[in-house]
Each structure stands twice: as structure tokens, then as C-alpha cells.
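The values are calculated or read from the model by the stated rules, or taken from the named source; none is laboratory data. Treat the numbers as computed from the prediction; the structure is a model and nothing was measured. Reconstructed Cβ throughout: ideal geometry from the backbone, glycine too, with neighbour counts over all protein chains shown. Areas reflect the complete protein model, heavy atoms only, side chains present, ligands, DNA and RNA absent. Shrake-Rupley method; radii C 1.70, N 1.55, O 1.52, S 1.80 Å.
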Amino acid sequence: MNWKNLFTRNNTILSRFKRVESTIYDIVTPINRHIGQQYFETVSLQLCKLIEADYVIIGRYSAQDNSVESISFSDKKKKLPNIRYSLEDTPCDNVIGKNTCRITSGAWEKFPSDSFLVEKKIEGYIGIPLFNSGYQPNGIFIALFKNPIAQAEVIESLVYLFTPRMSSEIEHKKAKEELNLRNKELEITHLELKNKNNELDISLQKLNDAQKKSKENDHLKSTFLANLSHEIRTPMNVILGFSELLRTESLSPEEKDEYIGIINLNGLQLLKVMDNLIDISKLQTRLIQEGPKLFNLNELLENMLKHYMREVKLMQKPLTLYLEKGLKEYHDQIITDQQGLLKVLNHLLDNAVKFTMEGWIKFGYTIADDRLFFFVKDTGIGIPEGKEEVIFDMFRQVSTTHTREFGGNGLGLAISQKYIDTLGGEIWLDKSYEGGAHFCFTIPFEKTHKISGEIPKSSLM
């Protein structure tokens with residue numbers, strides 16, 4: 001036996017282990033160990049130097065597409081970009097889930113389809129399989145050498161010191177990723193549930209609002225029916241009562257005229273109630289038979305002025321009525337729905353007369369470009385704060401109790417708004433007016449001469 005050669009060989013191995021002893025200690029000792037990605041990068045760099053490999057790859061195996069994705073890819077100096085590749089026609093295919101694969105020389109020639117081996121002219125290849133706690137393949141350790149490997153058994157023995165930790169770190173990494181994915185899914189589910197709850201809250205709020213609106217409408221309809229009965233029975237009783245009084249032979253001519261005026265006034269009031277019911281029915285079913293026609297606007301308004309002056313006189317109210325006209329006589333012909341315009345003005349003037357105890361009422365119109373701007377203002381009780389937005393609703397009144405000082409059925413403004421809509425105009429309450437109530441509305445106006453102007457949104461006085 002050549003003792004000298006044996007001693008020399010063993011001494012070389014011992015010297016090599018002597019050189020890597022400190023590195024092994026640094027990697028294995030618990031107080032200096034790393035975890036996660038930092039562990040893979042540290043161990044691949046140090047093992048690359050330790051076993052004098054040109055490249056070291058620690059990869060994670062995917063059974064789904066039979067591929068390996070590197071977790072850490074290093075040469076002797078630095079970390080390299082991670083790679084992903086299929087195991088087919090590579091030496092790694094003989095490693096995953098099987099045994100260690102060792103090629104001491106000519107690796108690139110034996111696997112000509114492995115582009116990396118061929119490109120780098122890799123001679124030596126060592127692949128060691130990694131397994132999880134259930135002994136299922138989860139990764140691979142690969143050492144690549146540009147020169148033939150002289151002591152492959154020693155390198156394998158050295159690497160095997162680290163493979164259990166690599167396997168557990170890969171398993172831990174996968175579990176952490178699955179946990180993160182699960183957390184993201186839970187976050188998405190939580191967000192979806194939160195959005196769903198918000199949608200349910202909105203739906204519930206809409207349902208509550210609808211129920212509240214329905215109850216309010218029921219109350220308004222009940223109030224309307226009670227008021228309607230009152231609005232019909234009261235003038236009927238007056239008409240019947242004073243008709244009976246006319247039979248009295250001792251009445252003077254002045255008393256007879258007064259009683260006839262009262263009967264006439266209450267008859268007109270009763271007629272207005274019936275007209276309102278017919279109008280609202282027509283508007284809701286869109287059975288409006290009137291259409292645009294040519295007429296003299298000033299003449300229409302002057303007749304209205306005379307009518308309401310007589311009505312105010314019969315009611316014995318200290319009221320003065322004024323009319324303002326925007327067009328000169330004989331130039332006041334317009335084309336629109338005369339009956340619709342008349343009904344809107346009647347409703348607004350009826351309210352003005354009803355809610356104004358003394359002072360004045362002014363109504364009329366001006367020209368504003370291609371529109372007629374109408375107004376009705378008074379010195380009456382006005383609209384209470386907070387009621388401005390609901391007065392145009394059906395059955396709405398300033399007071400909704402069954403017994404009220406002024407009467408009415410809450411249809412006038414709702415009918416007015418619907419008529420103005422059909423005429424292509426707009427109606428509103430001037431909230432800035434403080435002397436009573438100030439209603440305004442516009443309707444389209446075709447003219448032959450340009451008349452400039454702006455619609456005032458405040459008092460015309």
C-alpha cells in the first residue's frame with residue numbers, strides 16, 4: 001500500500017473540511033441562521049464558494065406543469081436573476097422525487113436540449129432532490145461546474161448537511177404564500193361583504209324611506225278625503241241655506257242681492273273643487289284635450305283681474321289687485337294652451353286671495369328672450385320655512401290637519417306644476433321674497449321681434 005498517497009489524499013480532504021469549517025458553523029449554528037428568502041440567498045452564495053461550484057440553484061418544484069422555479073440562483077460572487085424552466089430533457093428530470101444525479105463530466109453534451117448547460121458549456125452537474133415533511137418532492141438543489149468534478153462524493157456529503165433545512169424552508173415558504181393568498185382572498189371576501197352590507201343598508205334605507213313615504217301618502221290621502229268632504233259639503237250647505245232664505249218674502253232687494261252673491265261665490269268654490277278633481281285625473285292619465293291656440297294675452301289677464309276684484313269684494317277683504325303687462329296692446333297675441341295657462345294662473349291667484357288677509361296682490365308677466373315670465377306675489381302669510389320643497393307635491397298643504405282656517409284640498413300647486421310641465425316651462429317659489437308668497441313660472445314664447453331680457457329670480461317690485 002502506498003501510504004504516502006493515502007496520507008496525501010486524506011490530508012487534502014481534511015484540509016478542505018478545515019477551510020470550510022467556519023462557513024459550516026456560520027450556516028448551521030442556530031444563533032446566526034437566517035430565515036425565508038434571506039436564508040436561500042445566503043446559503044446558495046456560501047455553498048457556491050464552499051464546494052467551488054460555478055453556479056448554485058435552489059429551486060421549487062411545481063408538479064402541475066413539471067417545472068422548477070429558482071428561489072435563489074448564484075454564482076461565486078453575486079445573486080443572479082431567478083429563472084423558471086421545464087424539467088423535460090434536462091438532468092433535473094432524473095432528480096425530482098427520485099435520487100441524487102451526478103454527472104462528473106460532459107453534462108452539456110449528454111443533454112443537448114438543455115439550453116443553459118449548452119450555452120455555459122457545463123461539464124459537471126450535481127442534483128439533489130428535496131422533500132417536504134410528507135416526503136413529497138418540493139424542490140431541488142443544483143450545483144453546476146464548468147470543469148469536470150474531481151470529488152463529487154465529498155460535495156454531495158457536504159451539501160446533504162443543508163438539504164433538510166432547505167426542504168423545510170421551501171415548505172414554510174409555500175405555506176406562507178398560501179396563507180398570504182388566503183388572507184388576500186379573505187380581505188376580498190371581507191370587502192365584498194362590506195360592500196354588500198353597504199348595498200343592503202342603502203336598500204334598507206330606501207325601503208324605510210318608501211315605507212315612510214307610503215305612510216305619509218296614506219295620511220295625506222286621508223287628509224285629502226276629509227278635506228274634500230269638507231270642501232264640498234260646506235259650499236253646498238251655504239247654497240242650500242241661502243237658497244232657502246231667498247224664499248223669505250220680507251227680504252229687502254239689498255239682502256237678496258247679498259244672498260245671491262254668497263250663493264254664487266260658494267257655487268264657484270264648489271265648481272273649482274270639481275274642476276281640480278277632473279284636471280288631476282286628466283293630467284295623470286294624459287287625457288288633456290286642449291291644445292295650442294292663438295289668443296290675446298292681455299285680454300285674458302284683464303278679464304282675470306276683473307273676476308278676482310269681484311271675488312275679493314264679495315269676500316269683503318281689504319285687498320288691492322295690480323296687473324303688470326309685458327306686451328303692448330295689439331301686440332300681445334301668443335300661441336299656447338290657453339286653458340292650461342288660465343288654470344295655472346287661477347290656482348296661483350286663488351291661493352294668493354285665500355292666504356292674504358289685507359294688503360295687495362300683484363300678477364302679470366314680462367318677456368325674457370324666448371320665454372314668457374309670469375309672476376304672482378302677495379302680502380299674505382307666505383310659505384313656512386322647510387315647506388318650500390314639498391308644496392308642489394300631490395295633496396300637500398302648509399297645514400295638514402283636518403280642521404284648518406283656510407280650507408283647500410292640496411291639489412292646486414300640483415296641478416299647476418303638471419300643466420307647466422306639459423307646456424314646456426318651469427315653475428318655482430322665490431325663496432328670497434319675504435313679504436308674503438312669490439310664485440314664478442315660464443312658458444315658451446315665439447315672437448317676430450327680438451326682445452331682450454333676463455328672468456328675475458327675486459321680487460319684481
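Structure above, values below:
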item: Residues located in the stretch 315-336, provided they are touching a residue at least 40 places away in the same chain (Cβ under 8 Å) and more than 18 Å from Asp378 (Cβ to Cβ); result: Lys325, Gly326, Leu327, Ile334, Ile335, Thr336
item: Filter result (crowded, with 20+ Cβ neighbours inside 10 Å and either touching a Gly at 6+ places or on another chain (Cβ under 7 Å) or acidic (Asp, Glu) (or both)) within the stretch 319-349; result: Leu319, His347
item: Entirely in the stretch 50-91, the strands (runs of 3 or more DSSP E) that have 1 or more residues that are open to solvent by 80 Å² or more (accessible area, probe 1.4 Å); result: 84-86
item: Tally of residues being over 16 Å from Ile443 (Cα atoms) and either in a helix (DSSP H, G or I) or of a type in the set (Val, Ile, Thr) (or both) across the stretch 301-345; result: 15
item: Failed item, numbered, when Ile278 is tested on (1) open to solvent by 80 Å² or more (accessible area, probe 1.4 Å); (2) at pLDDT below 85; (3) not in a helix (DSSP H, G or I); result: (3)
item: Residue list for the stretch 120-135, filter: open to solvent by 20 Å² or more (accessible area, probe 1.4 Å) and either in contact (Cβ under 8 Å) with a residue 24 or more places away in the chain or in contact with a strand residue (DSSP E or B) (Cβ under 9 Å, 6 or more places away or on another chain) (or both); result: Lys120, Lys121, Glu123, Phe131, Asn132, Ser133
item: Residues that are open to solvent by 90 Å² or more (accessible area, probe 1.4 Å) and either at pLDDT below 80 or not in a helix (DSSP H, G or I) (or both), drawn from the stretch 214-248; result: Lys215, His219, Lys221, Leu225, His230, Arg233, Arg247
item: Residue check, Thr163 in contact (Cβ under 8 Å) with a residue 24 or more places away in the chain, in contact with a helix residue (DSSP H, G or I) (Cβ under 6 Å, 6 or more places away or on another chain) and surrounded by fewer than 20 Cβ atoms within 10 Å (Cβ to Cβ); result: no
